[in-house]
1. Between 69, 91, 9, 24, which is modelled with pLDDT under 95 and under 29 Å from residue 188 (Cα atoms)?
2. When the residues of the range 134-157 are filtered to those that are closer than 15 Å to residue 40 by Cβ and surrounded by fewer than 24 Cβ atoms within 10 Å (Cβ to Cβ), which remaining residue is nearest to the chain's Cα centre (by Cα)?
3. Residue 79 passes all but one of (1) under 20 Å from residue 166 (Cβ atoms); (2) surrounded by fewer than 21 Cβ atoms within 10 Å (Cβ to Cβ); (3) in contact (Cβ under 8 Å) with a residue 40 or more places away in the chain; which number fails?
4. Filter the range 142-163 down to the residues that are at pLDDT below 95 and under 21 Å from residue 67 (Cβ atoms) and list them by number.
5. Would you check which residues across the range 45-72 are surrounded by fewer than 17 Cβ atoms within 10 Å (Cβ to Cβ) and either in a strand (DSSP E or B) or in contact (Cβ under 8 Å) with a residue 60 or more places away in the chain (or both) and list them?
6. In the range 169-188, what residues are modelled with pLDDT under 95 and either more than 22 Å from the chain's Cα centre (by Cα) or buried (at least 20 other Cβ atoms within 10 Å of the Cβ) (or both)?
7. Right, residue 169: under 24 Å from residue 26 (Cα atoms), out of contact with any helix residue (DSSP H, G or I) (no Cβ under 6 Å at 6 or more places or on another chain) and either without any contact (Cβ under 8 Å) to a residue 60 or more places away in the chain or outside any strand (DSSP E or B) (or both) or not?
8. With respect to residue 40, determine if the residue is over 30 Å from residue 188 (Cα atoms) and assigned to a strand (DSSP E or B).
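The values are calculated or read from the model by the stated rules, or taken from the named source; none is laboratory data. Fair warning: this is a prediction, and the values are worked out from it, not measured in the lab. Here the Cβ positions follow ideal geometry from the backbone for every residue, glycine too, while neighbour counts run over all protein chains shown.
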């Protein structure tokens, strides 16, 4: 049986309350910024976006184009996970939550989330951003995505009706990609090797003066 993604519509337009990006945020790595519609976020539906890391290092921040409907109390939980056969896996590599006070009622800007304990990522490896909430009805809000055009080639959108935290039952949306950004801090550069020649100590030889005592022979004349 194919499970359909529930779309949230009719959200009143308002200025989003953004959260300042953390000073610890790394370099912008992956992003997909287009959006045409949204998928609902609530306790019986979670969504995810897979992505391929372009920088090896620590993924310390992400940003999602999300919004809330009304005044829900439950925060939005965002996780970085591994992937299994291209779908979100069950290994949580980093986790954080966005309070609803930081989320606006219209998707006007990306909402950042900082991972206190960053996720180690490797360039060329695929991971997943998973978003869910414990809100029990379908009026919490949603995550915007670009439908039908497959704008991001490094991953895909997914949804599931698995109870939170979602672990299985991910349904791929092969031509849909959720709007997201990831930030990665590369590892520190290694110290350059010491290519200089080792300093050679010059040893000075002490010159010893040899004072040879000249022996004087006294010859006695015979009378």
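1. 24
2. 144
3. Going through (1) under 20 Å from residue 166 (Cβ atoms); (2) surrounded by fewer than 21 Cβ atoms within 10 Å (Cβ to Cβ); (3) in contact (Cβ under 8 Å) with a residue 40 or more places away in the chain one by one, residue 79 breaks only (2).
4. none
5. Selection gives 54, 56, 70.
6. Scanning the range 169-188 gives a single hit, 174.
7. The answer is no for residue 169.
8. It is true that residue 40 is over 30 Å from residue 188 (Cα atoms) and assigned to a strand (DSSP E or B).
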